[in-house]
1. Can you name every residue in segment 163-198 that is of a type in the set (A, V, I, L, M), in a strand (DSSP E or B) and in contact with a Gly (Cβ under 8 Å, 6 or more places away or on another chain)?
2. I'd like to check which strands (runs of 3 or more DSSP E) are fully inside segment 236-298 and have at least 3 residues that are touching a strand residue (DSSP E or B) at 6+ places or on another chain (Cβ under 7 Å), closer than 22 Å to Trp183 by Cα and β-branched (Val, Ile, Thr).
3. Filter segment 166-199 down to the residues that are among the hydroxyl-bearing types (Ser, Thr, Tyr) and in contact (Cβ under 8 Å) with a residue 12 or more places away in the chain, then identify the one that is surrounded by the fewest Cβ atoms within 10 Å (Cβ to Cβ).
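Coordinate-derived values only; no laboratory data. Please read these numbers as outputs of a predicted model, since none were measured by experiment. Note that each Cβ is placed from the backbone with ideal geometry, even for glycine, and that neighbours are counted across all protein chains shown.
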Amino acid sequence: MISNCRRVLLLFSAVILTLTACGKDSGVVTPGDELGADHWWDNYIDSTGTPITLSSGFRLVPLSAVQQTAKPTTTNAVGIVLSFVIEPRYSTNRGYLFRGNDQGTNSEDLAGAVEFIKDSGWLSHRETFDWEGERRSGSSATRINRFTQFPIRSPFNGVATDLMLTLLARPYVAFPTDTTKHWFGPPVHVSNGSGGEILEIISYGIEYLGSKSLVENKTTKLGTFEDVIHIYGRANAGEAVVDAYLVPNIGIIYYHLVTAFGQKAAGALIGYAGANYDLDGNPLKDYFPMNGGNNWIYEFAPDNSVDDFRFTIE
């Protein structure tokens, strides 16, 4: 378990992020700070079951979506495998909730979540939150909210959030794509390992690739996809490099990351089930499908063999 946790820290955190504000109305939603609540959403509805509007404007909207079940296209995993979903029980008044899916023994173990909003082709976000779920000891259970326990992100904290935000910042996901679009990640202070620090800013762009395949062990095509785009990120300082490959109405199928310190990580999509609709129920085509119940399964390279990861884009 320690080894897996270390892998997740590397895979999803290009840096260790310091959390400065964790209140409900400060831009970071913190479900779980009331231990008596039965579910994570109980902090955002009143005693009559009516959703509460936070000062940021965030409000839950009940959904009755069906949870999709993705089937892995390969069962020969050599790295950690994690599942992610669009929350099927609630959307928000502006977008959908992308979260970890049953990462632990509790079915509400969010392992990080982020509210994604589509705005003129950009995938932006307003609120992020995390909940570990219930920590059990014999017959007793304690509800734990990680943001009240640690001043910095811990190894298995916020993986769903980091999968998109740390990797791609605020990506342009419209279809057809626009290769003239460029954007920047947030400035991040990163230790240089000798008592000082550098200010890292990653700049992003898009390359259109057309038809590409996700290949396992250099021999087996797990899928051939059309209109593939390559989102690339390059840092102004340090060694950080991001390369992500996205497919319309599927999302990220492969990524490779190098951190500011030269550490490497990679992940590949090995299962997906879902659809793509806006909040009004109209079908969409873009590079990040949002609909309640969507399910992605990713396999991530072991941290000691990223260069030999068994998946490639060809």
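1. Of all residues in segment 163-198, those of a type in the set (A, V, I, L, M) come to 163-165, 167-169, 173-174, 188, 190, 198.
Remaining after also requiring in a strand (DSSP E or B): 174, 188, 190, 198.
Scanning segment 163-198 gives Ala174, Val190, Ile198.
2. Working: elements: 241-247, 251-258, 264-273.
Hits in segment 236-298: 241-247, 251-258.
3. Taking segment 166-199 as the starting set, the residues that turn out to be among the hydroxyl-bearing types (Ser, Thr, Tyr) are 166, 172, 177, 179-180, 191, 194.
Remaining after also requiring in contact (Cβ under 8 Å) with a residue 12 or more places away in the chain: 166, 172, 177, 179.
Numbers: Thr166: 24, Tyr172: 23, Thr177: 22, Thr179: 13.
The qualifying residue surrounded by the fewest Cβ atoms within 10 Å (Cβ to Cβ) is Thr179.
Conditions tested, residue by residue: (1) farther than 30 Å from Val190 by Cα; (2) not aromatic (Phe, Trp, Tyr).
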site: Ile229; (1), (2): no, yes
site: Tyr254; (1), (2): no, no
site: Asp278; (1), (2): yes, yes
site: Pro302; (1), (2): no, yes
site: Asp307; (1), (2): no, yes
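Let's see how each residue does on (1) closer than 18 Å to Trp122 by Cβ; (2) in contact with a Phe, Trp or Tyr (Cβ under 9 Å, 6 or more places away or on another chain); (3) of a type in the set (S, T, N, Q):
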residue	(1), (2), (3)
Thr220	no, no, yes
Thr224	no, no, yes
Asp227	no, yes, no
Leu246	yes, yes, no
